Every structure is written in structure tokens, then in C-alpha cells.
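The values are calculated or read from the model by the stated rules, or taken from the named source; none is laboratory data. The model shown is predicted, which means the values in this text are computed figures rather than measured ones. Quick reminder, even Gly has a Cβ in these numbers, built from the backbone with ideal geometry, and neighbours come from all protein chains shown. For the accessible areas, the whole protein counts, side chains as well, though only heavy atoms, and no ligand, DNA or RNA atoms are used. Shrake-Rupley method; radii C 1.70, N 1.55, O 1.52, S 1.80 Å.
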Amino acid sequence: MFRDGRQQRRWTAIGLLSMFVLLNCPKGAAKLQPIRTDYNAFFEGLIAMSKVSPLNQAFAGFVLNRDLPQANAQLAVAWKNAMGDHETLTPEVADEEFKWQMRTWVRIYYLFATGHTEAPNRLSSENTKRIEELFWNYAVAKSRVERADVKNRWFIQGSENHDIMDLGNAYLAVQVLAELPDYKVRPLPDGKTPAEHVTAWHSYYTEYCAERFRKGLLIEFASPTYGKYFIPELVNLRDFSLDSTVQGNANALLDLIWSDWAIEQLNGIRGGAKARCYQGKYSQGGARDSWYAMGRLLLKTDGWKDPSPFGHPIMGNGLVLATTGYTLPTVVKELATHPKARGEYAYVSRRPGRMTHIDPQPDHGGQSCWYHFADEDSRLLRYSWCTPDHILGSYTLDPALREDYQIYPAEPGRAEAHYAAITTQNLWQGLIFETGPDARIFPQTLGDPDKGHPEHSTTYVQQVSVQHENVFLTQANRNYPPLTAMRVYFGPGMKARLVEVNGWYILEEGNSYVGVRVFDLNDGEIAGKATWDDDNFLRTADPFAPVALVTGRKNQFPTRADFERYLATHRWVIEEGILTYLFHDKAGTESTLRLNTQEATVPRRNGVAVDFSPEKYYDSPFFHESEDRKSVRLEFGGESHTMTVD
């Protein structure tokens with residue numbers, strides 16, 4: 001039975017599972033509801049697009065219950081396209097050719113195979129058998145009971161999005177196989193039956209979701225690229241797991257992820273530090289961020305009916321979000337859409353980062369890199385200063401640690417001294433404005449050219465930074481040798497509007513001001529030298545010259561002259577390689593930020609080294625965490641919502 005009414009309400013809300021799930025859901029689950037129709041306009045647009053994959057077009061046809069023979073024919077074409085030159089489906093083919101599409105094949109089966117209370121047998125028997133064969137081969141390639149041991153919940157094969165694509169889809173595949181006469185008695189490669197795999201994955205994903213809820217959310221945090229691959233997999237787990245605890249924990253994790261997003265975005269554009277934010281279009285443009293498109297769908301804000309981001313067969317995230325029973329809690333919607341009511345505040349959050357040893361090391365699924373994350377002392381902290389007009393956000397790392405791409409059984413102490421490469425790859429930090437998705441300023445370091453895009457760099461642990469409220473300091477990390485340059489990016493048209501005053505580059509943008517300063521390490525009294533690479537990038541002459549960003553709002557500084565006078569009150573000194581920066585914070589208290597520009601030491605805020613294990617992991621005016629971190633209450637505008645994991 002359900003432990004409380006929360007689980008029953010969740011099942012009532014889902015309303016999207018196939019008869020397979022209806023017949024096998026936990027005792028006490030509410031009767032399933034019809035497929036939702038409030039996203040029909042989205043699917044009408046998708047099916048009419050000139051550039052849409054047969055897979056996605058078939059999905060739209062099934063949802064709209066339109067010309068089902070044609071929808072099934074399109075799915076057969078999608079199958080042929082995925083198979084390519086392969087004549088026979090094998091575990092290797094399932095892995096190599098179907099993996100990036102699996103979220104959609106899984107969802108088609110669970111929604112439209114066997115029958116639904118309101119949508120019986122939309123999937124043909126031929127396509128049903130194909131997908132069942134795919135599930136078997138995918139499970140053979142990916143599912144191992146030993147890998148599903150809960151002690152491996154922080155072990156990641158490949159990357160976070162690869163890991164959940166590999167294992168989450170394998171879990172949902174074996175759930176089906178465990179009930180099919182042709183498959184349920186077949187042993188998988190480890191000798192275990194599908195039912196035994198299901199039991200193991202139930203336990204694994206219960207802990208997987210709970211641990212991320214309690215210990216800092218996503219590894220590829222706020223990534224513009226990889227959010228679109230992680231979120232739909234988590235939604236599928238929430239919708240289709242037959243275990244009520246997995247359902248509940250996945251739902252709570254989704255709530256917290258989207259609450260975290262809502263707190264530090266403006267008009268759907270995410271602010272704050274981001275992992276795996278590649279140089280070029282993803283760093284420079286907010287509308288290219290996949291969280292923007294997903295948030296727009298869930299909130300149904302302007303443009304939500306536009307299906308153009310979801311035409312490619314691997315872009316199943318929109319299809320998932322437009323057919324799930326998951327909805328954003330009311331308070332999350334209010335928080336996301338009322339930035340003026342949110343006011344000014346700091347949001348400090350702990351994220352996974354540092355690795356730790358694990359013995360024995362589990363199978364890594366044939367991936368070229370693998371990681372095991374420390375669930376405590378992650379050595380990675382995000383800091384965002386959020387206002388209705390702009391968001392200034394940064395990360396702080398321990399510069400003494402480097403990045404690594406795997407853990408080594410013969411070197412048990414090595415993992416503790418390294419961050420996982422995927423967490424520290426192409427970290428983004430800087431300033432966004434509410435004036436538009438491309439209105440932003442951010443520091444960027446250069447290093448080894450990216451293999452696929454030689455005009456850009458792929459860098460790791462690249463900057464040492466510290467922030468307090470509206471003041472942010474950063475420097476290229478001397479402990480990362482490939483770094484060759486520090487630049488500051490200014491959004492389109494900003495260079496022409498910059499005013500240089502006493503060593504500050506000052507910009508007025510909407511209702512905000514920002515001052516950008518380059519420091520001279522040899523003489524703190526003068527500004528560091530910098531030259532323009534083009535209309536956007538300002539390059540520091542010294543690649544290790546520290547940079548400051550200081551923001552202000554017109555409600556406090558009505559004119560640029562007022563903001564200039566404010567900047568004139570800031571003081572700094574560089575002695576023996578240590579930059580000490582002094583200013584008064586919002587409360588009028590004198591504050592200090594300190595960077596050791598020569599040695600790999602943790603930055604200091606108000607005389608104290610940045611604390612990587614704070615009492616609160618999600619510290620904002622709106623979050624209230626329980627002592628055991630299993631519950632977080634979100635409060636805003638008279639509304640509240642409590643998220644809890646078991």
C-alpha cells in the first residue's frame with residue numbers, strides 16, 4: 001500500500017502509462033487518466049514540420065491518434081534509419097545505434113503498446129515486437145545486477161547523461177522483459193533473470209535519486225548542452241517505474257531541480273555557474289540553452305508551441321515533457337515568473353565535484369572514462385547574486401586539485417586529489433542581464449584547442465574565483481598548465497557602449513550597471529593592460545591577471561555617476577601575490593575577498609577560507625532544508641511546497 005496520500009496523488013497525476021503499467025503498478029495505485037491533450041498544439045506543429053525525423057513524427061501521430069497506419073509506417077522507417085547498414089539487431093547495434101533515441105522508443109512502448117485506458121493498441125503488433133527485441137538487446141548490452149548495487153550510486157560511466165541513458169533505459173527495458181513470456185525466463189549475461197534485474201534497479205534508483213536530492217543535485221550542473229539528455233530520462237523513471245519509492249524520489253528530485261532553476265533565471269535564461277558549457281554559442285547565447293526550451297514547455301510561456309528544437313531523433317526531451325504527468329508545483333511557477341517579487345538575494349549551493357576511491361570498481365560499460373564521486377566534501381561551491389535585473393554567478397574550486405578521467409584500483413589515494421573531469425570541464429561563470437538572452441559578460445580562459453572546434457578551447461578547473469553579493473573576483477588557475485590566456489566576453493553591442501573610468505570598464509545595461517576591472521599584479525594601483533581581440537573579447541596582457549566584476553542597480557544608483565562614485569569607494573591591495581579587495585556589502589558591513597594569485601590556495605571571504613561543506617546545501621531565502629536533508633520546503637509569495645525523498 002502507499003505510505004501516504006502523496007504517492008497516490010502522484011499516480012493520479014501521471015495519467016500516461018500503458019496498460020502494461022496499469023496491470024503491474026503497486027497495489028493501491030489510482031486508476032490511470034487519459035493521455036493529456038493540452039499539448040496538442042505542440043504536436044500539431046511537430047507533425048507539420050518539414051524537417052522532423054520519422055521517429056518524432058510517429059510519436060506525434062500516436063499522441064494525436066491520427067492516421068495510425070501512417071504513424072506505424074513512420075516508426076518502421078525510423079527503425080530502418082536507426083539500423084543503418086546492420087541487417088540484424090544485436091546488443092552492440094542496440095548500444096551504438098539506438099542509445100541516443102532510447103528515451104523515445106521507451107516512451108512509445110510504455111504509452112502505446114498493448115493498450116491504454118483511452119488509447120488502446122496505437123502501436124502495431126509488428127512495432128511492438130521490434131521494440132521488445134530492442135529492449136532485450138539493450139538490456140544484454142547495459143544491465144548487470146552487480147552494477148545496480150546501491151553502493152555504486154555515485155559511480156558514473158562516461159558522463160552523467162551517458163550513465164542515465166545507459167542504465168535508466170536498461171532498467172525500464174528489463175521491467176517490460178520481466179513480464180513477457182518470451183523473455184522473462186531468459187537469463188541475461190550475468191546469469192540473472194529480468195525480474196532479478198528489476199529488483200536490483202528498483203533499489204539502485206531509489207538511492208540514486210535520494211542521494212542527488214540530498215547531496216547537491218546534478219554533476220553536469222546547469223549544463224546548457226546536457227540537461228536535455230538527462231531530464232527526459234529522469235522523467236521516464238518517474239513516469240514508468242513500477243516501484244512507488246522510485247516514483248516518489250524521482251518526482252521530488254525533479255521538483256528540486258526545477259526549483260533550483262527557477263531561483264536563478266530571468267525570463268527562462270539560466271544564470272549562475274554552469275558545468276560543461278562549451279565555448280562559442282553555448283557560452284554566448286542563453287536561448288541556445290536546452291533548459292530554456294524545456295522550461296518554456298513546462299511553464300507554457302511565450303513560444304512553448306514551437307516544436308523546432310525537437311525535430312531530430314535524439315531530441316526526445318520535448319516529446320517527453322509534453323506527454324508526462326509531471327507538472328511544476330505552483331510555487332515553482334510563481335517563483336520562475338515573478339523575478340521582481342523575488343527581490344535581491346544570494347543563493348549558495350554545494351555541488352558534486354571531487355572523486356573518491358571505490359573498491360571493487362564496478363563495470364564501466366565500455367566507456368572511455370569513469371568516475372566515483374565523493375558524497376561528502378565535494379570541494380565545489382556555487383554562489384549566485386540574484387536580482388530582477390541581472391544575475392552574477394560564480395563557482396569556487398580548490399585550486400590544489402586537478403582533474404582526472406577515471407579512478408585507478410592500484411592507486412586508492414589518487415581519486416581524493418582530483419575532480420571528475422566532467423564536473424570541471426568548460427565551467428562558465430559571469431553575469432546575465434534581463435534585457436535579452438545574449439546580454440552577458442563573462443571571463444573565459446583559453447587552453448588547448450578543441451579537437452572539433454579549434455577556434456575554441458576545452459579547459460578544466462580553469463579559474464580560481466570568489467564572490468560576495470555583487471562583487472566577483474577571478475583569475476586563471478596557475479595549477480592548470482594548458483591555460484594560455486584570460487579574456488572577458490562582452491555581449492553584442494556592448495563594446496561600443498563601454499565607458500572607461502579610472503581603470504574600470506563601465507556598462508549601463510537596462511536597469512543595471514557593471515564595472516569590469518583588470519588588475520596589474522606588479523602594481524595594484526594601476527589597471528592591468530588589456531587589448532580587444534574583436535568586438536566581444538577583451539584579452540588581458542598577463543594571462544594570470546585577476547579580473548573583477550562589480551554590479552549595481554538603478555534603484556540604488558540612479559545615474560552612472562552614482563555608480564562610479566560607488567566604485568570609487570572600493571579598495572584593494574596586492575601584497576606578496578595576495579589580492580585583497582575591500583568594499584561594503586548590501587547591509588553596509590565592510591567585506592573582504594582574497595585571492596592568492598601565485599599559489600594554489602582556497603580563496604577567502606571575510607577572512608575565512610570558502611567552506612565547501614556548508615550547513616545548508618541549498619542556501620537561499622526560499623529553501624528550508626531538514627536536518628537529515630531528506631526534505632526541502634520551498635516558500636514564496638504565500639505558497640509553499642515540500643519535497644521529500646525516502
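Couple of notes before you dig in:
- Residue within the stretch 494-510 that is open to solvent by less than 10 Å² (accessible area, probe 1.4 Å) and more than 24 Å from Glu525 (Cα to Cα) present: yes
- For the stretch 277-304, a residue qualifies if it is farther than 26 Å from Phe623 by Cα and open to solvent by 10 Å² or more (accessible area, probe 1.4 Å), and the qualifying residues are Tyr278, Gln279, Lys281, Tyr282, Gln284, Ala287, Arg288, Asp302, Gly303, Trp304.
- Residue in the stretch 261-269 that is more than 24 Å from Arg629 (Cβ to Cβ), open to solvent by 10 Å² or more (accessible area, probe 1.4 Å) and in a strand (DSSP E or B) present: yes
- Sole residue being out of contact with any Leu (no Cβ under 7 Å at 6 or more places or on another chain), under 30 Å from Val348 (Cβ atoms) and not aliphatic (A, V, I, L, M), chosen from Gly503, Gly493: Gly503
- Elements of type strands (runs of 3 or more DSSP E) contained in the stretch 411-523, each with 1 or more residues being within 14 Å of Ser283 (Cα to Cα), over 21 Å from the mean Cα position of the chain (by Cα) and not aromatic (Phe, Trp, Tyr): 440-446, 485-490
- Annotation for the stretch 540-555: at least one member residue is within 19 Å of Glu469 (Cα to Cα), open to solvent by less than 30 Å² (accessible area, probe 1.4 Å) and assigned to a loop (DSSP other than H, G, I, E, B).
Yes or no, residue by residue, for (1) hydroxyl-bearing (Ser, Thr, Tyr); (2) in contact with a Gly (Cβ under 9 Å, 6 or more places away or on another chain); (3) more than 29 Å from Leu401 (Cβ to Cβ):
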site: Val547; (1), (2), (3): no, yes, no
site: Glu564; (1), (2), (3): no, yes, yes
site: Ala568; (1), (2), (3): no, no, yes
site: Gln598; (1), (2), (3): no, yes, no
site: Ala609; (1), (2), (3): no, no, no
site: Ser631; (1), (2), (3): yes, no, yes
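- Screening Phe135 on (1) surrounded by 15 or more Cβ atoms within 10 Å (Cβ to Cβ); (2) modelled with pLDDT of 95 or more; (3) not in a helix (DSSP H, G or I) shows it passes everything except condition (3).
- When His202, His197 are checked against the criterion of being open to solvent by 10 Å² or more (accessible area, probe 1.4 Å), more than 25 Å from Tyr617 (Cα to Cα) and modelled with pLDDT of 95 or more, His202 stands alone in meeting it.
- Condition met for His372 (assigned to a strand (DSSP E or B), out of contact with any Asp or Glu (no Cβ under 7 Å at 6 or more places or on another chain) and more than 30 Å from Asp585 (Cβ to Cβ)): yes
- Single residue of the stretch 61-114 satisfying the filter (among the small types (Gly, Ala, Ser) and in contact (Cβ under 8 Å) with a residue 40 or more places away in the chain) that is most open to solvent (accessible area, probe 1.4 Å): Ala76
- The residues on offer are Glu126, Glu146, and the sole one that is surrounded by fewer than 23 Cβ atoms within 10 Å (Cβ to Cβ) and part of a helix (DSSP H, G or I) is Glu126.
- Scanning the stretch 41-87 for residues that are basic (Lys, Arg) and either over 19 Å from Ser125 (Cβ atoms) or touching a helix residue (DSSP H, G or I) at 6+ places or on another chain (Cβ under 7 Å) (or both) turns up Lys51, Arg66.
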